[in-house]
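Take a look at the structure set out below.
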Amino acid sequence: MTSIPPVPPERDLVMLLTAAHAAANAAVTRRMDDAGFADLRPAHGYVFQHLVEGPMRVTELARKLGMTAQGASKSVIELERMGYVLRQSDPGDQRNRPVALTEQGWEAIEAARAARAVVNAELFAAIGSGAAENLLSMLQRLAERTGGLRELLARRLRPER
């Protein structure tokens, strides 16, 4: 069996992307905490991203999240208890209770967008605008080639297991 020599961490693109992702997420999470949303976890964002489009049944949310209806229901119950979503009643079908974002849910989305904007600005400042533009172009090319950008734009990225 042929042994593959280890790649030093500072030359391992996967590790560097993982490190940058973790640090950026931590910075956004700190800003969300400071904005009064310390009870939210990054996984909640996956639920929010689908509810931005409008109210949705738990079964449809589960399908979009790639999880069971029971798992999606558990997330909805948690977010409802925290005040970020509510289940609406459907006068035509009492079994159909679409989930919608509350005002607090929309405020959390705006806070997350603001936090990402600040973190983006800080990262750009750390490497300079020219390097940032080059990095963005390269990352976009990688994201397109791997299909990750398509999945992101279609809101099909799913929580890590």
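The values are calculated or read from the model by the stated rules, or taken from the named source; none is laboratory data. Please read these numbers as outputs of a predicted model, since none were measured by experiment. Ideal geometry is used to build each Cβ from the backbone, glycine not excepted, and the neighbour counts take in all protein chains shown.
Restricting to region 10-28, count the residues that are surrounded by 10 or more Cβ atoms within 10 Å (Cβ to Cβ) and without any contact (Cβ under 8 Å) to a residue 60 or more places away in the chain.
12
Tell me which of these ALA112 doesn't satisfy, since it passes every other one: (1) buried (at least 16 other Cβ atoms within 10 Å of the Cβ); (2) over 16 Å from ASN25 (Cβ atoms); (3) of a type outside the set (Val, Ile, Thr).
Going through the list (1) buried (at least 16 other Cβ atoms within 10 Å of the Cβ); (2) over 16 Å from ASN25 (Cβ atoms); (3) of a type outside the set (Val, Ile, Thr), ALA112 breaks only (2).
What's the number of the condition ASN96 fails, among (1) more than 15 Å from the chain's Cα centre (by Cα); (2) at pLDDT 95 or above?
The single condition ASN96 does not satisfy is (2).
Taking ARG81 as meeting all but one of (1) under 20 Å from GLY36 (Cα atoms); (2) surrounded by 13 or more Cβ atoms within 10 Å (Cβ to Cβ), write down the number of the exception.
(2)
Return the total of residues in region 31-41 being without any contact (Cβ under 8 Å) to a residue 24 or more places away in the chain and assigned to a helix (DSSP H, G or I).
The number of residues fulfilling the criteria is 2.
Answer with yes or no whether LEU86 is among the aliphatic types (A, V, I, L, M), farther than 22 Å from ASN25 by Cβ and not in a helix (DSSP H, G or I). Show your work before the answer.
On the way: among the aliphatic types (A, V, I, L, M): yes; farther than 22 Å from ASN25 by Cβ: yes; not in a helix (DSSP H, G or I): yes.
Judged against the criteria, LEU86 is a match.
Do we find that GLN104 is out of contact with any strand residue (DSSP E or B) (no Cβ under 6 Å at 6 or more places or on another chain) and surrounded by 15 or more Cβ atoms within 10 Å (Cβ to Cβ) in this structure?
Judged against the criteria, GLN104 is a match.
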